[in-house]
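Encoded as structure tokens, the structure appears first; notes follow it.
The values are calculated or read from the model by the stated rules, or taken from the named source; none is laboratory data. Keep in mind that what you see is a predicted model, and the values were worked out from it rather than measured. Reconstructed Cβ throughout: ideal geometry from the backbone, glycine too, with neighbour counts over all protein chains shown. Heavy atoms of the whole protein, side chains included, go into the accessibility calculation; ligands, DNA and RNA do not. Shrake-Rupley method; radii C 1.70, N 1.55, O 1.52, S 1.80 Å.
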Amino acid sequence: MYEGKFYRLLHPRPTVIIVSRCPDGRLNLMPASWNTPVSEEPPTVAVAVDKETYTYQCLKSHRYATLNVPPIEAADLIYKLGSVSGREVDKAAHFGVRLEPSEKVDVPRVAGALAAYEVEVYKEVEVGEVALFVFKVLGIWVAPGVADQWGFDFKKVNIPLHGAGRAFYRVDPRPVFAKK
Ligand SMILES: Cc1cc2nc3c(=O)[nH]c(=O)nc-3n(C[C@H](O)[C@H](O)[C@H](O)COP(=O)(O)O)c2cc1C
């Protein structure tokens, strides 16, 4: 029925942009929607990274990265970043993505992102064609005024939930509260 695309029923999913530092010292950007928080103590976030991506090679050579939460307005850019490899293109220069220094890691965050996790590779699990990188969160940056302790204020901002292909969804800002 799904021609092997079994995971489609677990989409749409929040998308992050991984910024990594590559073997030649250059920075690379890759969107990833197969991401999830893992543990609270230590604080960790995992991302499934295909071993054929350049990002995989970059994360193998340099263990620090940033995971950036872009706004929904970046959907075009996200799709473009996921359509070419950093092996061929300096994506930040090519797509005009501005980067800003991080506080805890020597890899910058994406300017204009709503939030960024500054992370270090903590564990790596090989699963088929993918490496599941479990990152320890070393620092968190949040754009002023867009989030509180409950997360983003979706009346003010929205995030790209990746459906399939070029389709992205927004979060409906009206919560459905479960009964007590
Ligand atoms: C919205 C979106 C989400 C993606 N999610 C993932 C993902 O979670 N894991 C993955 O390995 N590739 C994912 N990809 C594909 C990579 O981003 C793509 O292969 C990219 O070109 C790799 O770049 P690199 O070779 O410069 O690392 C996604 C692509 C898009 C557009």
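Working only within the range 23-61, note down all residues that are farther than 20 Å from Val127 by Cα and over 17 Å from the mean Cα position of the chain (by Cα).
If we filter the range 23-61 for residues that are farther than 20 Å from Val127 by Cα, which is where we start, we get 23-29, 40-43.
Of everything in the range 23-61, those that are farther than 20 Å from Val127 by Cα and over 17 Å from the mean Cα position of the chain (by Cα) turn out to be Pro23, Asp24, Gly25, Arg26, Glu40, Glu41, Pro42.
For Val49, indicate whether it is assigned to a loop (DSSP other than H, G, I, E, B) and of a type in the set (Val, Ile, Thr).
Criteria not met by Val49.
Go through the range 23-46 and count every residue that is in contact (Cβ under 8 Å) with a residue 24 or more places away in the chain, open to solvent by 10 Å² or more (accessible area, probe 1.4 Å), within 28 Å of Val171 (Cβ to Cβ) and in a strand (DSSP E or B).
Counting residues in the range 23-46 that are in contact (Cβ under 8 Å) with a residue 24 or more places away in the chain, open to solvent by 10 Å² or more (accessible area, probe 1.4 Å), within 28 Å of Val171 (Cβ to Cβ) and in a strand (DSSP E or B) gives 4.
Of all residues in the range 45-66, count the ones that are hydrophobic (A, V, I, L, M, F, W, C) and near the ligand (Cβ under 10 Å from one of its atoms). Explain how you work it out, then say what you get.
Step one: of the range 45-66, the residues hydrophobic (A, V, I, L, M, F, W, C) are 45-49, 58-59, 65.
Narrowing the set further to residues that are near the ligand (Cβ under 10 Å from one of its atoms) leaves 47-49, 58-59.
The qualifying residues number 5.
Any idea which of Val89, Val121, Val69 is within 14 Å of the ligand (Cβ to nearest atom) and touching a residue at least 24 places away in the same chain (Cβ under 8 Å)? Step through it out loud before you land on a result.
Numbers: Val89 fails: touching a residue at least 24 places away in the same chain (Cβ under 8 Å); Val121 fails: within 14 Å of the ligand (Cβ to nearest atom).
Answer to the selection: Val69.
Please determine, by comparing only the residues of the range 2-20 that are more than 12 Å from the ligand (Cβ to nearest atom) and of a type in the set (Lys, Arg), which one is surrounded by the fewest Cβ atoms within 10 Å (Cβ to Cβ).
Once the filter is applied, the top-ranked residue is Lys5.
Scan the range 77-118 residue by residue and report those that are within 24 Å of Arg166 (Cα to Cα) and polar (S, T, N, Q).
Passing the criteria: Ser83, Ser85.
When only residues in the range 72-86 that are farther than 17 Å from Leu27 by Cα and more than 9 Å from the ligand (Cβ to nearest atom) count, which is surrounded by the most Cβ atoms within 10 Å (Cβ to Cβ)? Reasoning before the result, please.
Narrowing the range 72-86 to residues farther than 17 Å from Leu27 by Cα: 72-76, 79.
Filter once more, so that each one left must be more than 9 Å from the ligand (Cβ to nearest atom): 72-74, 76.
On the way: Ile72: 17, Glu73: 11, Ala74: 24, Asp76: 11.
Here the answer is Ala74.
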